[in-house]
Amino acid sequence: IAAFVLCGCGEDNVKIVKEYTLPQEKSMTIGNAIDGSSECKKVSWQDISVKNGIQAVKMTCEVSPEVLKAEFDKANAAYEKAYASEEEEQKKYVQNFLKNALERWDDIKTQDSPQPDQDKLLQIANKLCKFDEEKSKSFSFDIPVKCDEEGIQKEIVGAYKLNTKHWGYDSFMNSLKNAVVKSQRPIKVPFVDKPVQIASRQIEIKFIVNTDKSVDVDRSA
């Protein structure tokens, strides 16, 4: 709103501003438009004029809780939808890495190797290896995990009787570690922060009353 058309003159600046009509709606005054807004729980008007200087009025709107809740619900619904999509993609990555690991199983199994259970294997790997947040931020090509190597030798290599000398063993472990990364890495929705419900908000508009009783909005406020 840059300017308003004069509808009537009043004795004080607050009255002048409130009785001004909107340029796009000549039948609606500023006062009626703002005081009657369902978005405001409470509206206050204050003459903030400077003596022998700028004549100004400040309007303060306390946004209603219903409006704030509606804003939050809309933003949160969009966030949860995006989060669920990212979560599903992450699960697909986990399953793909596990599939890659088990494709190497025939290469590294021995005569005494038990048949692997995919979920059990991931459970053991998640216990022995932890996602390394700091390492993931570096420019290293290493898989960002910290693993209990002794535990791997005991609970994976030993328990499943694996042939660690076969070239497929490194590929198997790398795929397993990547599955750990994807299953443990915190899910982040790109370009969107999780919305926080706001308890209160105030909107302030400063109106300038010109010498000819016309009214402008102070855009620098």
Using 30 Å as the Cα-Cα cut-off, could you pick out the over-long pairs in LYS81/LYS109; LYS41/LYS188; LYS99/LYS165? LYS81/LYS109; LYS41/LYS188
Using the Karplus equation 6.51 cos²θ - 1.76 cosθ + 1.60 (θ = phi - 60°), what ³J(HN,Hα) coupling, rounded to whole Hz, does each residue of segment 205-217 give in order, writing x for Gly and Pro? 10, 9, 9, 9, 9, 7, 5, 8, 6, 7, 10, 10, 8
LEU22 paired with TYR169, simple spin-label distance in nm, labels 7 Å along Cα-to-beta-carbon: 7.6
Charge sum, other residues only, whose C-beta stays under 12 Å from PRO195's C-beta, Lys/Arg counted +1 and Asp/Glu -1: -1
How far apart, in nanometres, would the label points at ASP212 and GLU149 be if each is projected 7 angstrom from Cα along the Cα-to-Cβ direction? 8.4
For ALA56, which sequence-distant residues (separation of 5 or more, or a different chain) have an amide H within less than 5 Å of its own amide H, given hydrogens modelled in the peptide plane? ILE48, SER49, VAL50, VAL209
Please give the per residue accessible area of segment 67-122, computed with a probe of 1.4 Å over protein heavy atoms only, in Å². 68
Interchain or sequence-distant (5+) residues whose placed amide H lies within less than 5 Å of the amide H of VAL145 are ASP132
Full-extension gain between GLU71 and SER85, please, as 0.36 nm times their residue separation minus the C-alpha to C-alpha distance. 2.9 nm
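Return the calculated 222 nm mean residue ellipticity for the chain, to the nearest 500 deg cm²/dmol, obtained by summing -39500 (n - 2.57) across DSSP H runs with n ≥ 4 and dividing by the residue count.
Calculated from helices alone, the mean residue ellipticity at 222 nm is -13000 deg cm²/dmol.
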Would you pull out the residues with amide H under 5 Å of ASP218's amide H, same chain only if 5 or more places away, H placed 1.01 Å from N? LYS206, PHE207, ILE208
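The values are calculated or read from the model by the stated rules, or taken from the named source; none is laboratory data. No experiment lies behind these values; they were computed from the predicted model shown. Note: ideal-geometry Cβ built from the backbone for every residue, glycine included; neighbour counts use all protein chains shown. Remember, those area values only see protein heavy atoms, side chains included, never the ligands or the DNA or RNA. Shrake-Rupley method; radii C 1.70, N 1.55, O 1.52, S 1.80 Å.
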